[in-house]
Every structure is written in C-alpha cells, then in structure tokens.
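Okay, so here's the structure we're looking at.
The values are calculated or read from the model by the stated rules, or taken from the named source; none is laboratory data. For clarity, every value in this text was computed on a predicted model and none was experimentally measured. Here the Cβ positions follow ideal geometry from the backbone for every residue, glycine too, while neighbour counts run over all protein chains shown. Note: areas computed on protein heavy atoms with side chains; ligands, DNA, RNA excluded. Shrake-Rupley method; radii C 1.70, N 1.55, O 1.52, S 1.80 Å.
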Amino acid sequence: IPVDPFDLTIFGGTGDLARRKILPGLYRRFRSGQMPEDSRIIGAARSDLDDNQYRDEVRAALKEFVDRDRLDDASLEGFLDLIRYVSIDAMGDAGWKELKAHVRPDHISAFYFSVAPSLFGPLAERLHAYGMADQSTRIVVEKPFGRDLESARELNRTLAEHFDETQIYRIDHYLGKETVQNLMALRFGNVLFEPLWNSQYVDHIQITVAETVGVGGRGGYYDRSGAMRDMVQNHLMQLLCLIAMEPPSQFDPDAVRDEKLKAIRALDPVKPDSIVRGQYTGKGSTPSYLEDVEAEESNTESFIALKVNISNWRWAGTPIYLRTGKRLKARQSEIAVVFKDAPHSIFGAEAGRHRNILTIRLQPNEGMTLGVTIKEPGPGGMRLIDVPLDMTFAEALGAENDQVTDAYERLVMDVIRGNQTLFMRGDEVEAAWAWTDPIIESWDSTDRKPFPYEPGSSGPEESAMMLHRENRRWREIR
Ligand code: NAD
C-alpha cells in the first residue's frame, strides 16, 4: 500500500548509516511502488555538495548495498530524481534557509537524525527556529539513546522541549525485523501458544545475538560502551519485552508499549554471579580486542551473558538467559523458548528425554522452528526423536517477494504512516537504563576484568558454566 507523498530529510545523509541502510531501504520501497513520485528525500550534512554530486554518492551507495537483481536503471534514475541535497551546519546557521525552501508545508514531513546524539538538541532547536516544525512533523532518532539513565533523561528532556512524544520515533531496528513482529502474531494471533506461555510450562528462555565481526572501525566508541550498553540495554531488551509482555488489548502504539514497559519494570536486579563478561583474545592473524581498540588495557566487555528473572505471576521461576558477543563462532540471532519435560514418560527411559523448543530466528534465515517429538520411523519399536516443524519466511513467501523487507525500510515507512508501535517510547528507554545502570555500576565499582575468550568460540567457558550449574545448556552457536 503506497504511503502519502512526503519530504524526508536525512541529517547525516552522507554518513555510514545513511549509505548502508537508510538510502538502500528507501530505494527498495520506491522500487516496490510504495513511495509516491511526488516525495522528496533531502540529504543534509556537512559536506559541500550540490544535488548532482550527492546523487552520485547515493548511486554509488545503492550499487554497493542493494542486491544486484533489485537494481534496474529505470528505478535507480526514478529514485535519484527524488533526491536533493543541502549542506548544513547543525550547530550554526549555514544551510537552514536552503533546507526550508525544500521542505513543503503541505506534505508529510519527517527528519531523520542520523548524526551523533550531541547534535539532537541543536537540530531540534533549529527546526523550530526556522519554522520547519509543527504538530505533524516527525523526528527519527538513532541509537545510542543515552549511555545511562541520566543522559537518556537529558536527551528526552531536550527533545521534549521542541517535540511532543507522539512526534518522536526512537529507532531500534530489531523491532523492524519480520520475525520480531511475527513473534507478536504467533503469541497473540494463535490460541495454541499463549496458554503455555508461562512458568508452568516454560523451563527457561534463551536470547542469543552472536556476531562474528570484531569491534572493527568503531573501536573508540565501543570501548566506552561495551556489549551491555551497545546491545543488551536496547536490542536484547526489546526482544525480551516482546517475549515476556502481557497481551496488549490492541495492536496500537501505546497499548503495546505500556505492556513492554511493565515487563521491563518487573525485571529483578541481576546478581553478580548471574553475569559473565568476556573479551576476545587474538588468534593467528585475528587481532585481539585490545588491538582492535588500540588500548594497552581495557575492562570493557565484548561478550556478556546474563540470567534475568522477571518478578511477576507469569514468569516467576522461569529465567531468561541473555547472551551477546563479538567474534563468536557464527552470526546468529535467535530466541529459544525451552518448554518443560512432559510430567511423566509413558515410553520409559530408553525412549529418551525430549523437550519442545520453539526457536525464533532473526538471522540468518529469518523464521521459526518448533521442535516436536515423534516416533522414529521404522520397525525399531517405540523410540522417540525430535523433528523440527520449520518455517523459513523467505522460502514460504518466496525469496523474490518484495514483501520480505529489511528492518530499516519498514520502520521508515512506519514513520511516514505515523505509526509508532515499533518505536521505543521515552519512558521505556529510561526504564531499560534504570535496570542497566546498577549492573554496570556493579562491575565498574569492583574493577573486575572480563574473562578472555578465543575468537571463533562461543564465548568464555564461564558462560557455559553458569547454565551448567542449573542443569541447563546454551543452544549451540553454529
Ligand atoms: P558518520 O560519522 O558516518 O556520519 C555522520 C554524519 O553526520 C555525516 O553525514 C556528517 O556530515 C554529519 N554531521 C556531522 N556533524 C555535523 C554538523 N555539525 N552538522 C551537520 N551534519 C553533521 O555516522 P553514522 O555511522 O552514519 O552514524 C549516525 C548516527 O547513527 C549515530 O548516532 C550513530 O550512533 C547511529 N548509528 C549508526 C550505525 C551504523 O551502522 N553506522 C548503527 C546504529 C546507529
């Protein structure tokens, strides 16, 4: 369904995120016919470029980051026709009058702040000062949203001086993933799962976001942040919310976000023995974390595993294990809901012990698998085996299908439609920091070092031990 014509300004339009994600996503939406030709995409950044020079940059970015079979000349040129560029200074007056001349008052108007958070305030202020913001204007802000509760509050206060909460779209691109939304469809669109979705039937839940890359070129930023701030406070927390929340009364922005907020507020503080932090070592030609961040010494974690308890009727007694890290064995993001054993096995011990596990894969191959137990085929008597009921979306829907969209493009279209359901509300972000802060303080105050782990492994041994102690094991990263 096409959206209404819009003017989208991308502050930071020459930056890495715009080139890799935002512009390619917009192009794909244009190509699929969702974007009216009367729309405008205005790059605004510091570089001194004219429209055509910026179009050349956009063309180069699309050639690099869009699948070849989706790049055809007609779509490419049609998309480039929508592109404008303004050289602007977020901290000064240069470029603002030119920008105003591009932004049409009778169109939906959105401003994507794809710049450092220190520029959010100056941008918001100038949008008002130059008469480009009214009640219908939308702003999109990127992570990191603060580095602790105090700084997140400060950012929220700054934005609230100029914009109402209903105008602010805080991006967490995990919420734009097809499977993540499907998790809500699965839970609240089927009668099958919800009756089992509690501590009576669920033994535990695992959320894993494993990356193979190191901290790469972002070393300076990463070393001040670490896995807890960079991944857990935002992405893993959002996944946890969707798994753990109560059914909202409707699929509308505040109903959903109210329930997520309640889930975050029900999280117990995490005890130090329920946290394992790691830092990757070097191996062969693979540099160590310290080499990557060019530091002699650092206590920052590139891996973290946590056991989280939720204090409410639904989840008391069912832990949620979170794990994320860099330079691990495989790139793999998944949520696994591990159900309890059947109360009594009528088939005897030799039939084996079997468990239902529902796996929701975010990458690779977005999809869901439900492990079910059946009889092993053949004459060998009653032996049980586990088989997966598998649904890989790309296969089920057809890989060529343009409906299989990337997270960013879906979210940007939601901004144009004015739908905030998949964006974080200010109070949600603050509640997540309120839970995160004491955890970080607990290791900052003791000066405890992260455990070393080899690149290509599943993280430090201590992370496996944490689950072993409770007779559980992590699902394999592969
Ligand atoms: P970048 O450094 O590649 O680009 C920064 C952009 O900001 C450039 O276009 C630059 O011209 C513009 N800019 C800087 N100072 C300016 C000023 N005074 N006035 C106007 N424009 C100015 O940064 P990036 O990697 O694209 O990241 C942008 C934002 O997105 C950051 O907040 C970052 O944390 C966030 N983010 C980035 C990624 C990523 O993969 N790159 C992922 C998640 C979040």
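State whether the residues of region 277-297 include one that is within 17 Å of Thr436 (Cα to Cα), of a type outside the set (Asp, Glu) and in the same structural domain as Gly456 (by TED's automatic domain parsing). The answer is yes, given that some residue of region 277-297 is within 17 Å of Thr436 (Cα to Cα), of a type outside the set (Asp, Glu) and in the same structural domain as Gly456 (by TED's automatic domain parsing). Here is the figure for region 191-222: residues that are farther than 25 Å from Gly317 by Cβ and either more than 16 Å from the ligand (Cβ to nearest atom) or open to solvent by 40 Å² or more (accessible area, probe 1.4 Å) (or both) total 9. Residues that are in contact with a Phe, Trp or Tyr (Cβ under 8 Å, 6 or more places away or on another chain), open to solvent by less than 20 Å² (accessible area, probe 1.4 Å) and more than 14 Å from Gln233 (Cα to Cα) within region 251-274 comprise just one, Ala266.
For region 160-179, the condition holds for no residue, the condition being that it is surrounded by fewer than 21 Cβ atoms within 10 Å (Cβ to Cβ), out of contact with any Asp or Glu (no Cβ under 9 Å at 6 or more places or on another chain), hydroxyl-bearing (Ser, Thr, Tyr) and under 30 Å from Pro287 (Cβ atoms). Residues that are among the polar types (S, T, N, Q) and within 10 Å of the ligand (Cβ to nearest atom) within region 108-130 comprise Ser114, Ser118, listed in sequence order. Being near the ligand (Cβ under 10 Å from one of its atoms), closer than 23 Å to His173 by Cα and of a type in the set (D, E, K, R) holds for only one residue in Lys63, Lys21, and it is Lys21.
Is it the case that Ala133 is more than 16 Å from the ligand (Cβ to nearest atom) and under 32 Å from the mean Cα position of the chain (by Cα)? Yes: the conditions hold for Ala133. Among the residues examined, Arg229 does not qualify as open to solvent by less than 20 Å² (accessible area, probe 1.4 Å), touching a residue at least 40 places away in the same chain (Cβ under 8 Å) and basic (Lys, Arg). Scanning region 354-380 for residues that are farther than 22 Å from Asp406 by Cβ, in contact (Cβ under 8 Å) with a residue 40 or more places away in the chain and not in a strand (DSSP E or B) yields a single hit, Arg355.
Checking Ser39, Ser87 one by one, the residue that is in contact with a Phe, Trp or Tyr (Cβ under 6 Å, 6 or more places away or on another chain) and either more than 11 Å from the ligand (Cβ to nearest atom) or among the hydroxyl-bearing types (Ser, Thr, Tyr) (or both) is Ser39 and no other.
Among the residues of this structure, His107 does not count as one that is in contact with a His (Cβ under 7 Å, 6 or more places away or on another chain), on the phi < 0 side of the Ramachandran plot and not hydrophobic (A, V, I, L, M, F, W, C). When we screen Leu82, Leu17, Leu8, Leu71 for residues that are more than 19 Å from Glu142 (Cβ to Cβ) and modelled with pLDDT of 95 or more, the only hit is Leu82.
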